[in-house]
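Here is the structure we will look at.
The values are calculated or read from the model by the stated rules, or taken from the named source; none is laboratory data. These figures come from a predicted structure and were not determined experimentally. Don't worry about glycine lacking a Cβ; one is built from the backbone with ideal geometry, like all the others, and counts go over all protein chains shown.
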Amino acid sequence: MDVGELQQTLDKLHQEAKGELAAAKTLDELRSVRSKYLSKTGSVGSLMGTIKDYPPQQRGEVGKTLNSANKAIQDLVTEHTDRIGSAEVAADAAASTAFDPTLPGERTRLGSVHPVTAVQWEVEAVFERLGFTIEAGPEMESDYYNFEALNIPQMHPARDLQDTFWLKNGMLLRTQTSPVQIRAMEKFGAPLRCIVPGRCFRYETIDASHENTFHQVEGLMIDRNVSIANLIAVMKLLLNEVLQREFEIRLRPGYFPFVEPGFELDIACLICNGKGCATCKRTGWLELLPCGMVHPNVLKAGGVDPNEYGGFAFGLGLTRLAMMKFGIRDIRVVNSGDLRNLVHPARWAGPVIVDKG
């Protein structure tokens with residue numbers, strides 16, 4: 001094309017670019033229009049490569065014409081860049097003037113407390129009010145503290161009742177929190193009141209009410225003139241405070257080498273209201289709290305004179321208590337990591353206890 005035709009083409013492109021730039025509402029749209037016309041492959045930019053096609057005497061004039069067209073479009077880009085930038089600044093200013101610093105901030109969503117942890121805190125609060133201390137012990141335990149000192153010597157048949165995870169170093173994963181009884185007596189002597197919440201391990205078949213990893217709280221009270229009546233009163237108070245609803249319990253004889261006499265405190269299943277379900281193995285009752293008076297041999301192992309002091313001990317299943325309190329039908333969901341099981345309901349009202357003794 002000759003110089004006149006080139007000028008007409010550039011004028012047409014200028015008008016098109018002007019309209020598109022005026023319609024642009026964002027800086028990204030503006031950059032897109034600029035690239036369409038002024039880049040090396042753009043409508044105007046690509047014409048720069050045609051200068052060599054003109055006769056030598058016309059190349060200077062063609063170059064000036066193209067540069068002029070390029071500058072005119074670039075000036076339009078600059079103009080509209082300022083326009084859009086000013087509009088964005090104005091919008092930000094308008095938004096800032098609408099901000100009310102007296103309004104509450106956005107609420108951050110927090111995680112909830114695990115049901116077992118919630119129950120543990122309640123149990124700890126009850127016993128702290130009764131003057132008990134909260135102790136802890138190792139989860140990897142020795143044979144002596146887990147069995148021997150608790151009146152369960154080698155070859156004792158009671159060892160078969162607790163399937164144990166034995167470790168290659170000769171230690172074991174504790175099957176109960178009872179070993180801390182001995183450690184606490186060695187550390188503090190008598191009189192003594194303490195509870196020991198913690199995790200326990202047993203190598204057993206998993207079902208709706210049994211797990212190989214569960215939580216328990218051991219309780220120990222040693223003093224003069226401690227009786228079974230004291231034990232029952234404390235157990236009733238504890239369950240009444242934690243469950244906060246009507247329930248039934250029964251106390252029956254039970255054998256545990258570290259207590260004499262020993263008892264099993266069962267609770268009428270709160271999942272099925274005593275009618276029978278998978279959680280309670282269709283019996284309507286759930287074993288919750290083995291307990292009894294501390295065996296003299298255990299007192300001796302802890303360095304306490306059984307002729308001067310006596311006491312009671314219990315092993316409350318925290319996991320099972322959480323199941324009863326929050327209506328968890330299967331113990332396996334407690335360790336499942338399913339977040340839907342971590343939102344516990346509001347506390348029940350009406351702390352009424354019915355003793356089926």
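Just one of (1) assigned to a helix (DSSP H, G or I); (2) modelled with pLDDT under 85; (3) surrounded by fewer than 15 Cβ atoms within 10 Å (Cβ to Cβ) trips up LYS64, so point out which.
(2)
For residues that are surrounded by 15 or more Cβ atoms within 10 Å (Cβ to Cβ), over 24 Å from ILE222 (Cα atoms) and not hydrophobic (A, V, I, L, M, F, W, C), tally how many sit in segment 144-170.
Summing the residues that are surrounded by 15 or more Cβ atoms within 10 Å (Cβ to Cβ), over 24 Å from ILE222 (Cα atoms) and not hydrophobic (A, V, I, L, M, F, W, C) in segment 144-170 gives 3.
Please tell me if ASP266 is of a type in the set (Asp, Glu), closer than 27 Å to GLY327 by Cα and in contact with a Phe, Trp or Tyr (Cβ under 6 Å, 6 or more places away or on another chain).
Yes: the conditions hold for ASP266.
State whether one or more residues within segment 293-308 are out of contact with any His (no Cβ under 7 Å at 6 or more places or on another chain) and under 21 Å from ARG250 (Cα atoms).
Yes, segment 293-308 contains at least one residue that is out of contact with any His (no Cβ under 7 Å at 6 or more places or on another chain) and under 21 Å from ARG250 (Cα atoms).
Here are some residues: LEU289, LEU243. Which one is in the same structural domain as ILE222 (by TED's automatic domain parsing), among the aliphatic types (A, V, I, L, M) and free of Cβ contacts under 8 Å to residues at least 60 places away in the same chain?
Matching residue, one of LEU289, LEU243: LEU289.
Of the numbered conditions (1) farther than 21 Å from VAL126 by Cβ; (2) in contact (Cβ under 8 Å) with a residue 24 or more places away in the chain, VAL226 fails exactly one; give the number of that condition.
(1)
Of the residues in segment 202-259, how many are under 27 Å from ILE182 (Cα atoms), out of contact with any helix residue (DSSP H, G or I) (no Cβ under 6 Å at 6 or more places or on another chain) and of a type in the set (Phe, Trp, Tyr)?
Residues flagged as under 27 Å from ILE182 (Cα atoms), out of contact with any helix residue (DSSP H, G or I) (no Cβ under 6 Å at 6 or more places or on another chain) and of a type in the set (Phe, Trp, Tyr) within segment 202-259 amount to 3.
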